[in-house]
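The next block holds one structure in the form of structure tokens; read it before the comments.
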Amino acid sequence: MADLPDKRSAFIDWYLAVVEAAEVTDKRYPVKGLNVWTPYGMAARRNLDAVMIREIEATGSRAVEFPALIPATEFAKEKEHIKGFDAQVYWVTKGGLSDLDIPLVLRPTSETAIYPVFALWVRSHRDLPLNVYQIVNTFRYETKTTRPFLRVREIHFFEEHTCQANEEHATERVRSNRAAFERMAHAFALPYLAIRRPEWDKFPGAYYSIALDIPVGEARTLQIGSIHHYRENFARPYGIRYEDADGTQRYVHQTTFGLSERLIGAILAVHGDQKGAVFPTAIAPYEVVVVPIPAADAGDAPERVAAEVAERLRRHGRRVHLDSSDARPGAKFYRWELTGVPLRLEVGRREAERRSVAAVDRLGRKSTLPIDPLEHEVDLRLAEFDRALFERAREAFRAAFSVARSLEELPGSTTVRLVAWCGDETCGHRIEQAIDGSLLGTPEDPLPFALDPVGACLVCGRTEGARWALAGRPM
Ligand SMILES: [Zn+2]
């Protein structure tokens, strides 16, 4: 098989080749933007879901599932929302041979499916907070070039919807979501920035939006999640009200938290290298692959010991694949590197005799581990692999940003740019024109690198209100 395209100079070609080589999807389905999840890809997705479920449920959120079809009448209730999604929805207008009285929207997101029912569920302050989430497929008619996991028309989507008693509690929920994502990102070994989107780029209907962004490729950024504060913007049109302790009727304040299969794309894009995909342990379909290496004078010893090793690790709770296919060992190593397995254990004649395994992690680091006891050693290797993977990603992350001091420095940027911005929309759009991309917004947290004092807005020269903002080209 040919080498992968160069990740640095031909990022998109490299990404598409890695997706193909990693055996996670089959893109040959005859509708653009709809991908088939292979067994290997599905295993990665279930591991991703497991991390999301674990972390969101730890914050008291409960699973629900709402219908995929939304009546047009409900969909149209929040004006900004419908404006924002109008061009992206799939319509169901027929039932069998008859036209439907009320056309149905195939959910692009579920606010308008869920909130009419929230209006029935929420009656009193005792019903609050209401924190629920669902993991479902949503549909958006993408008109731009589709890319596996990054821009698709059928999206594997995680969405939390909450109702809170007041604005302050909703702000607290946003904080709790951010902390939950911080823990998820640790499992994915993904460094990211939480960025408050500018007014003109917030979620349709939101009071404010915090995007979770990562840098990928050349000055490109990828939004891998978002957290929104809605205030009463949806509660009013949908009538989600409760009776306060003093008998007053009040509207709830709402929040949402969205993540998707883009995280799989982000993991492939950030961790992958010239040898193929690299999965962090929590997401890897197989955490460990065991490869017996036959030798003329070894009989079935390598095969026998490899099977014992695989079985013991399985019992220890690890996801293990024993590769006893008749491919050459070199071909097996190549395949499990391409598909991103964190740890490979090889058992040849010498290892079988000494009751040891040769371990090679996906970052190429080798060691010899005793079979008795192997379980603990493998746990340590995998934890160490995750740490090193995260550190490698952090290094690339820090190198992906640079400061621009004037508009002239923005065209042709090869990094995501930090710019001084006064907060004014006109200045924001000038920055967007210059970089041929977006003003992503202002970071919510201190940046992971030292910065000079911000100085004056790079467009209008005002110092008042100037703050660091990020500008790049979203994928
Ligand atoms: Zn300005």
Report, by residue number, each residue of segment 427-462 that is more than 18 Å from Ser413 (Cβ to Cβ), more than 10 Å from the ligand (Cβ to nearest atom) and part of a loop (DSSP other than H, G, I, E, B).
Glu444, Asp445, Pro446, Pro448, Ala450, Asp452, Pro453, Val454, Gly455
Of the conditions (1) at negative phi; (2) over 28 Å from the mean Cα position of the chain (by Cα), Gly472 fails just one. Which one is it?
(2)
Within segment 113-141, the count of residues that are part of a loop (DSSP other than H, G, I, E, B), closer than 23 Å to Lys77 by Cα and not β-branched (Val, Ile, Thr) comes to 3
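Quick one: is Leu313 surrounded by 20 or more Cβ atoms within 10 Å (Cβ to Cβ), at negative phi and either among the β-branched types (Val, Ile, Thr) or within 20 Å of the chain's Cα centre (by Cα) (or both)? If you could, list the steps in order and put the result at the bottom.
Details: surrounded by 20 or more Cβ atoms within 10 Å (Cβ to Cβ): yes; at negative phi: yes; either among the β-branched types (Val, Ile, Thr) or within 20 Å of the chain's Cα centre (by Cα) (or both): no.
In short, no.
Here is a yes/no grid of residues against (1) touching a residue at least 40 places away in the same chain (Cβ under 8 Å); (2) surrounded by fewer than 17 Cβ atoms within 10 Å (Cβ to Cβ); (3) within 28 Å of Ala269 (Cα to Cα):
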residue: Phe85; (1), (2), (3): yes, no, yes
residue: Trp91; (1), (2), (3): no, yes, no
residue: Leu97; (1), (2), (3): no, yes, no
residue: Thr109; (1), (2), (3): yes, no, yes
residue: Ile114; (1), (2), (3): yes, no, no
residue: Asn131; (1), (2), (3): yes, no, no
residue: Ala165; (1), (2), (3): yes, no, no
residue: Val174; (1), (2), (3): yes, no, yes
Only strands (runs of 3 or more DSSP E) wholly contained in segment 182-293 count here; list those with 1 or more residues that are over 20 Å from the mean Cα position of the chain (by Cα) and buried (at least 24 other Cβ atoms within 10 Å of the Cβ).
220-231, 253-260, 288-292
With Arg417, Arg405 as the choices, which residue is among the charged types (D, E, K, R), in contact (Cβ under 8 Å) with a residue 12 or more places away in the chain and not in a loop (DSSP other than H, G, I, E, B)?
Arg417
Residues located in segment 399-435, provided they are under 17 Å from Gly465 (Cα atoms) and among the hydroxyl-bearing types (Ser, Thr, Tyr)
Thr426
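In segment 75-83, is there at least one residue being in contact with a strand residue (DSSP E or B) (Cβ under 6 Å, 6 or more places away or on another chain), on the phi < 0 side of the Ramachandran plot and part of a strand (DSSP E or B)?
The first filter runs over segment 75-83 and keeps only residues in contact with a strand residue (DSSP E or B) (Cβ under 6 Å, 6 or more places away or on another chain), leaving 75.
From what's left, on the phi < 0 side of the Ramachandran plot: 75.
Now drop any that are not part of a strand (DSSP E or B), which leaves none.
No.
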Qualifying residue in segment 151-171 (condition: part of a loop (DSSP other than H, G, I, E, B), at pLDDT below 95 and of a type in the set (Val, Ile, Thr))
no
Just to be sure I understand, how many residues within segment 407-418 are within 16 Å of the ligand (Cβ to nearest atom), under 19 Å from Gln223 (Cβ atoms) and not charged (D, E, K, R)?
1
Quick check: anything in segment 328-341 β-branched (Val, Ile, Thr), out of contact with any helix residue (DSSP H, G or I) (no Cβ under 8 Å at 6 or more places or on another chain), at pLDDT 95 or above and surrounded by 15 or more Cβ atoms within 10 Å (Cβ to Cβ)?
yes
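Please find, among Asp361, Asp379, the residue that is more than 16 Å from the ligand (Cβ to nearest atom), in contact with a Pro (Cβ under 7 Å, 6 or more places away or on another chain) and at pLDDT 95 or above.
On the way: Asp379 fails: in contact with a Pro (Cβ under 7 Å, 6 or more places away or on another chain).
Residue meeting the stated conditions: Asp361.
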Spot the failing condition for Glu391; the list is (1) in contact with a strand residue (DSSP E or B) (Cβ under 9 Å, 6 or more places away or on another chain); (2) charged (D, E, K, R); (3) part of a helix (DSSP H, G or I), and only one is missed.
(1)
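Please work out which residue is surrounded by the fewest Cβ atoms within 10 Å (Cβ to Cβ), limiting yourself to segment 18-48 and to residues that are aromatic (Phe, Trp, Tyr) and not in a helix (DSSP H, G or I).
Of all residues in segment 18-48, those aromatic (Phe, Trp, Tyr) come to 29, 37, 40.
After this cut, where a residue has to be not in a helix (DSSP H, G or I) as well, the list is 29, 37.
Details: Tyr29: 12, Trp37: 17.
Among residues in segment 18-48 that are aromatic (Phe, Trp, Tyr) and not in a helix (DSSP H, G or I), the one surrounded by the fewest Cβ atoms within 10 Å (Cβ to Cβ) is Tyr29.
The values are calculated or read from the model by the stated rules, or taken from the named source; none is laboratory data. Being a predicted model, the structure only gives us computed values, none of them experimental. Cβ coordinates were reconstructed from backbone atoms using ideal geometry, including for glycine residues, and neighbour counts include every protein chain displayed.
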